[in-house]
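Engineer: Sending over a structure as structure tokens; questions will come in a sec.
The values are calculated or read from the model by the stated rules, or taken from the named source; none is laboratory data. Keep in mind it's a predicted model, so treat the numbers as computed, not measured. FYI the Cβ positions are ideal-geometry reconstructions off the backbone, even for glycines, and counts take in every protein chain you see.
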Amino acid sequence: MPQIAQLADTWSSQVFWLLVFFGITFFVIGRGMVPKVMETVAQRDGQIAADLAAAKAAREAADEQEEAWRVRENENRAAAQAIVAKAKDEAAAKSEKKLKAAQTRLDKKLAEAETRIAEARTAALTEVESVAVEAAQDIVKTLAGVKVTKPTAAKAVKEAMAHG
Amino acid sequence: MAADQAKVDPMKQFAIEPIAGTQGWEIAGLNIAFTNSAMWMLITTVVLFLFVLGGMRRELVPGRWQMMVETFTGFIDNMLEANIGKEGRKYVPYVFSLFMFILIANLIGLLPLGLVGIHPFTFTSHFTVTGVLAIISFSIVLIVGFWKHGLHFFSLFVPHGTPLPMVPVIAPIEFISFMVRPFSLALRLFVAMMAGHVLLKVLSSFVIDGTNAGIGFGALVGLPSFLLMIGISALEILVAGIQAYVFALLTSLYINDAENLH
């Protein structure tokens, strides 16, 4: 077993060179390079964390803006609906008023026409009566040769007309 | 005598050989020859350096290589944070170096580079090496423990809620189990790596000797051994990762004892 057989001859060389090369490894690589590698890792982790935080903040801001937009949109819609409703009401009121006026005018015209019709009928009836009286007088005079006074004839005509 | 020459010595792979011309190097009377073991430590260091260098592009959107390096640092970082807590992060450089150094050493030692004439040397299969690493980890535990808690650190040997009469019995046991830690740490890695490599070498000697003995032995012994080697090689890759992980995990658990004294 050379590890033991050569121990006396080689231990000092083994220890010396191990200390030299492990020392180089420790001081150059371990102390010099490894912290830089780890620093890079830490930097990257920090960067990732910061990016994630920024993304989260941006998303929150976007959500907030969307919420604000939604509120504003709802307000606008409500306002628009109110305007539409008001316009509708106004239009309805206006047309109702117009209709009412037209109705009134029509009613008035109708009433006037009816009055006129009634007057005309009365006048016509009166005329018919007087014509009938005169006709009755003439008929009686011609047929019977009796002269009937106007009031008597009128009375007879009225009676006849009342009986239809 | 061709069969004798073809025999595989399963221990030869662990032999340390100074690279030509460096046998005489000394510091304060101690030999520091630049050996094949040191050579593979150098290669491990360079490979690890290049690997981490590829992850240093510091791009915000990482490429595959950078992702891989960051996965390893993140893995060690998570392990330390899970075992020690927030203060654990300052040990990332050490535990990362330890884990990657052992992992790459284990994996490079398994590469079939012998096919092209280069013989990989798994220096983690030497307890001189794993011992030094374990002693470094253990020293960190002691230094941090006494630095942060002073003499109060000795209360580590009295688990929380021990009844007073039990303390004289429990404390020595705890002390022994504490002192065994560096040995268990070093021996576990050393034994696991060595056992795997010996097993592979023994099986390869079956393949070679069986095939040399004739077609019948080759089919009966060589072929099954070869299939077994393929499976065990896969297992060894797993072991290489697991042992590096265990070493790093136990180090972080021991540091946790020192950091957060119960």
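Engineer: Which one of the conditions (1) free of Cβ contacts under 8 Å to residues at least 60 places away in the same chain; (2) closer than 28 Å to residue B:113 by Cβ; (3) within 25 Å of the chain's Cα centre (by Cα); (4) at the interface with chain A (Cβ under 9 Å from one of its Cβ atoms) does residue B:25 fail to meet, given that it meets all the rest?
Structural biologist: (3)
Engineer: Looking only at region B:30-59, which residues are more than 22 Å from the chain's Cα centre (by Cα) and more than 9 Å from chain A (Cβ to nearest Cβ)?
Structural biologist: The one that is more than 22 Å from the chain's Cα centre (by Cα) and more than 9 Å from chain A (Cβ to nearest Cβ): B:54.
Engineer: From (1) surrounded by fewer than 14 Cβ atoms within 10 Å (Cβ to Cβ); (2) of a type in the set (Val, Ile, Thr); (3) within 8 Å of chain A (Cβ to nearest Cβ), pick out the condition that doesn't hold for residue B:19.
Structural biologist: (3)
Engineer: Which condition from (1) of a type outside the set (Phe, Trp, Tyr); (2) more than 22 Å from residue A:6 (Cβ to Cβ); (3) crowded, with 18+ Cβ neighbours inside 10 Å is the one that residue B:158 breaks?
Structural biologist: (3)
Engineer: May I ask you to list the residues in region B:60-89 that are closer than 16 Å to residue B:256 by Cβ and either under 18 Å from the mean Cα position of the chain (by Cα) or facing chain A (nearest Cβ under 10 Å) (or both)? Can you show your working first?
Structural biologist: Keep residues of region B:60-89 that are closer than 16 Å to residue B:256 by Cβ, which gives B:76-89.
Residues satisfying the conditions are B:76, B:77, B:79, B:89.
Engineer: Okay, moving on. What residue, among those in region B:90-129 that are closer than 21 Å to residue B:235 by Cα, within 14 Å of chain A (Cβ to nearest Cβ) and polar (S, T, N, Q), is farthest from the chain's Cα centre (by Cα)?
Structural biologist: Once the filter is applied, the top-ranked residue is B:122.
Engineer: Here is a follow-up. Could you pull out the residue among B:160, B:149, B:197 that is farther than 26 Å from residue A:24 by Cα and outside any helix (DSSP H, G or I)?
Structural biologist: Numbers: B:149 fails: outside any helix (DSSP H, G or I); B:197 fails: outside any helix (DSSP H, G or I).
On inspection, the qualifying residue turns out to be B:160.
Engineer: Kindly check whether there is at least one residue in region A:67-78 that is in contact with a Lys or Arg (Cβ under 9 Å, 6 or more places away or on another chain) and more than 7 Å from chain B (Cβ to nearest Cβ).
Structural biologist: As a first pass, look at region A:67-78 and keep what is in contact with a Lys or Arg (Cβ under 9 Å, 6 or more places away or on another chain): none.
Among the residues of region A:67-78, not one is in contact with a Lys or Arg (Cβ under 9 Å, 6 or more places away or on another chain) and more than 7 Å from chain B (Cβ to nearest Cβ), which makes the answer no.
Engineer: Let me spell it out: the conditions are (1) more than 14 Å from chain A (Cβ to nearest Cβ); (2) over 24 Å from residue B:108 (Cα atoms), and residue B:196 meets all of them except one. Which number is the exception?
Structural biologist: (2)
Engineer: Another question, then. Would you check which residues across region A:1-30 are of a type in the set (Phe, Trp, Tyr) and closer than 13 Å to residue B:132 by Cβ and list them? Step through it out loud before you land on a result.
Structural biologist: Taking region A:1-30 first, the residues of a type in the set (Phe, Trp, Tyr) are A:11, A:16-17, A:21-22, A:26-27.
Scanning region A:1-30 gives A:11, A:16, A:17, A:21, A:22, A:26.
Engineer: Moving on to the next point. Please go through region A:5-59 and give me each residue that is exposed (fewer than 12 other Cβ atoms within 10 Å of the Cβ) and either within 7 Å of chain B (Cβ to nearest Cβ) or in contact with a helix residue (DSSP H, G or I) (Cβ under 9 Å, 6 or more places away or on another chain) (or both), ordered by number.
Structural biologist: Across region A:5-59, the qualifying residue is only A:47.
Engineer: Is it the case that residue A:140 is within 16 Å of residue A:160 (Cβ to Cβ), surrounded by 10 or more Cβ atoms within 10 Å (Cβ to Cβ) and at pLDDT 85 or above? Steps first, please.
Structural biologist: Details: within 16 Å of residue A:160 (Cβ to Cβ): yes; surrounded by 10 or more Cβ atoms within 10 Å (Cβ to Cβ): yes; at pLDDT 85 or above: no.
No.
Engineer: Moving on to the next point. Name the residue, out of A:118, A:42, A:53, A:49, that is out of contact with any Lys or Arg (no Cβ under 8 Å at 6 or more places or on another chain), over 30 Å from residue B:89 (Cβ atoms) and in a helix (DSSP H, G or I).
Structural biologist: Numbers: A:42 fails: over 30 Å from residue B:89 (Cβ atoms); A:53 fails: over 30 Å from residue B:89 (Cβ atoms); A:49 fails: over 30 Å from residue B:89 (Cβ atoms).
Only one candidate qualifies: A:118.
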